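All remarks here apply to the structure that follows.
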Amino acid sequence: DEVHMFSKSSFNALLKTLEEPPAHVKFLLATTDPQKLPVTVLSRCLQFNLRALSPAQITGHLAHVLRQESIEFDSAGLNAIAMAANGSMRDALSLLDQAIAFGGGRVERDAVVDMLGLTDHAALLDILRYLAAGDAPALFATLEQVMARAVDPASILAQLLELLHEIGLQQFLPQKNESADDPFAQARNELAAALDPEQVQLWYQIALTGRRDLPYASSPRAGLEMTLLRMLAFLPSSAGAKTAISRAAAASAAAPRTSPAQASMSPTSAKAAISSLEPKPIEASEPASAQLAPETTVSVTSAVASADASWEQIIPQLGLKGPFRALAEHCVLRREDGQASLVMSAEYAGAATEAIRSRLIEATSAFLGMPVKFVESGQSAMPTPAANRSQREAAARERARQELDESPAVQVLKQRAGASMIEDTLQLSDKEPTKE
């Protein structure tokens, strides 16, 4: 064991035997630092790298050992030991012996948590619930109970990080980390469904930074408390938008529904409604008033949701970020006969998980004040906001290329220096061109 600690003379003596080993002898050389072994020894050996075992494998073997020894146990206690072993079966068996002695011949989760100096998982779940509710008094009351057990603040942050990691996985990869023997799986799933994914990611980053900066705090406990206060204070940018969506949904539910036949407007108000819904054109176009006859009457409700252009303006108001907004931009909102549906091309349907679809439907339903269903279309090309934006960018890029190609300076460079344009390097400016 730990063969790298041999002296140079010992390796030289062993080398001759390794070159011509006796038929009845097999050498098993174990080391945690193979780089320190001489190359002459490594070249005469087969090298096997031992991999870390998963918590499920460790838990299964520990359960087998305890059944053979007729020792009572619960699965949650074995899970705690497996996580603390960090992939090492030898460490897991050593911790198991300690847990049996500590628990008086039984292996129970509460005893294992006390032995390892860990925070009770239920308390960690309560901390996240109070963070989500913004309940600072209840949060710090729970923290006081946890700290009364002399738990290391760094350990609390490490366990919070692990819990947030599991919740994040559940939000984007449902049932990936579920275990039938995990008594807290349902509570984690409920938190995963209730919390905003952006909020979970923000909390994870704050906890990670707080754990890193813990040695620089005035005291470990002060560092932990300030980390939790930052979690309470900072909200993702979409929180305000979500609040606005909730208010809009409540107002929509309270307002009386009007049929399209009854919801007619004057020509002036109809023009204003249509003008506010249409996207801004790239080039100057005729005003909306020139496109409507004076006798035209339009339903506001149907105008908001029937046109593809209106969906492009609704998306920013939903407060969606990341994969949720990306899915929304690849959909088309249809509304017919009082029913709304989000239509998505089959090309992108496979990339959207059930959790992402559910979140998008929830936000859209809250905004429109009516149920929304998800429909997959067989069409490969659809007038989605993403497709419309790509077309506008392509058109603007082509116009810019033509203008640049026709400019006098470029013409001189082409004629005198034989220059050519590399179109892939062309970038559009966000600023509006100035008019002289």
> Could you give every pair whose Cβ atoms fall below 9 Å, whose first residue belongs to segment 400-423 and is in contact (Cβ under 8 Å) with a residue 12 or more places away in the chain, and whose second residue is surrounded by 11 or more Cβ atoms within 10 Å (Cβ to Cβ) and of a type in the set (Asp, Glu), counting only separations of at least 6 or pairs across chains?
Replying inline: Arg401/Glu423; Met421/Asp405
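Does Ser75 satisfy the criteria of being surrounded by fewer than 16 Cβ atoms within 10 Å (Cβ to Cβ) and hydroxyl-bearing (Ser, Thr, Tyr)? Write out each step before concluding.
Numbers: surrounded by fewer than 16 Cβ atoms within 10 Å (Cβ to Cβ): no; hydroxyl-bearing (Ser, Thr, Tyr): yes.
When the stated conditions are applied, Ser75 does not pass them.
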> Somewhere in segment 7-25, is a residue β-branched (Val, Ile, Thr), part of a loop (DSSP other than H, G, I, E, B) and more than 30 Å from Met115 (Cα to Cα)?
Replying inline: yes
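Among the residues of segment 119-140 satisfying the criterion of being of a type in the set (Asp, Glu) and buried (at least 16 other Cβ atoms within 10 Å of the Cβ), which is farthest from the chain's Cα centre (by Cα)?
As a first pass, look at segment 119-140 and keep what is of a type in the set (Asp, Glu): 120, 126, 135.
Within this subset, residues satisfying the condition of being buried (at least 16 other Cβ atoms within 10 Å of the Cβ) are 120, 126.
Numbers: Asp120: 25, Asp126: 21 Å.
The extreme case among them is Asp120.
When you look at Ser88, is it farther than 30 Å from Met231 by Cα, in contact (Cβ under 8 Å) with a residue 40 or more places away in the chain and under 34 Å from the mean Cα position of the chain (by Cα), yes or no?
Working: farther than 30 Å from Met231 by Cα: yes; in contact (Cβ under 8 Å) with a residue 40 or more places away in the chain: no; under 34 Å from the mean Cα position of the chain (by Cα): yes.
No.
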> Any idea which of Gln186, Gln145 is without any contact (Cβ under 8 Å) to a residue 12 or more places away in the chain and not basic (Lys, Arg)?
Replying inline: Gln186
> Does any residue in segment 327-341 that is at positive phi come within less than 6 Å, Cβ to Cβ, of a residue that is crowded, with 16+ Cβ neighbours inside 10 Å six or more places away or on a different chain, and which pairs are these?
Replying inline: none
>> Can you tell me which condition Gly105 does not meet? The list is (1) exposed (fewer than 14 other Cβ atoms within 10 Å of the Cβ); (2) more than 23 Å from Asp74 (Cβ to Cβ), and all the others hold.
In response: (2)
> If you go through segment 324-353 one residue at a time, how many are at pLDDT 80 or above and either in contact with a His (Cβ under 9 Å, 6 or more places away or on another chain) or not aliphatic (A, V, I, L, M) (or both)?
Replying inline: 9
> Which of the residues belonging to segment 26-55 are within 41 Å of the chain's Cα centre (by Cα), exposed (fewer than 10 other Cβ atoms within 10 Å of the Cβ) and not in a loop (DSSP other than H, G, I, E, B)?
Replying inline: Gln35
> Would you call Leu143 of a type outside the set (Lys, Arg) and surrounded by fewer than 20 Cβ atoms within 10 Å (Cβ to Cβ)?
Replying inline: no
>> Just to be sure I understand, how many residues within segment 127-144 are touching an Asp or Glu at 6+ places or on another chain (Cβ under 9 Å) and closer than 27 Å to Met115 by Cβ?
In response: 5
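If you scan segment 126-157, which residues turn out to be within 17 Å of Leu202 (Cα to Cα) and of a type in the set (A, V, I, L, M)? Lay out the reasoning, then the answer.
First, the residues of segment 126-157 that are within 17 Å of Leu202 (Cα to Cα): 127-134, 157.
Within segment 126-157, Ile127, Leu128, Leu131, Ala132, Ala133, Leu157 meet the criteria.
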> If you check Gln170, Gln186, Gln159, which single one turns out to be in a helix (DSSP H, G or I), polar (S, T, N, Q) and more than 21 Å from Gly77 (Cβ to Cβ)?
Replying inline: Gln170
> Do you know which residues across segment 392-436 are among the acidic types (Asp, Glu) and either under 38 Å from the mean Cα position of the chain (by Cα) or at pLDDT below 80 (or both)?
Replying inline: Glu393, Glu398, Glu423, Asp424, Asp430, Glu432, Glu436
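The values are calculated or read from the model by the stated rules, or taken from the named source; none is laboratory data. What you see is a predicted model; the values in this text were computed from it and never measured. Because the Cβ atoms are built from the backbone with ideal geometry, glycine has one as well, and the counts that use them run over all protein chains shown.
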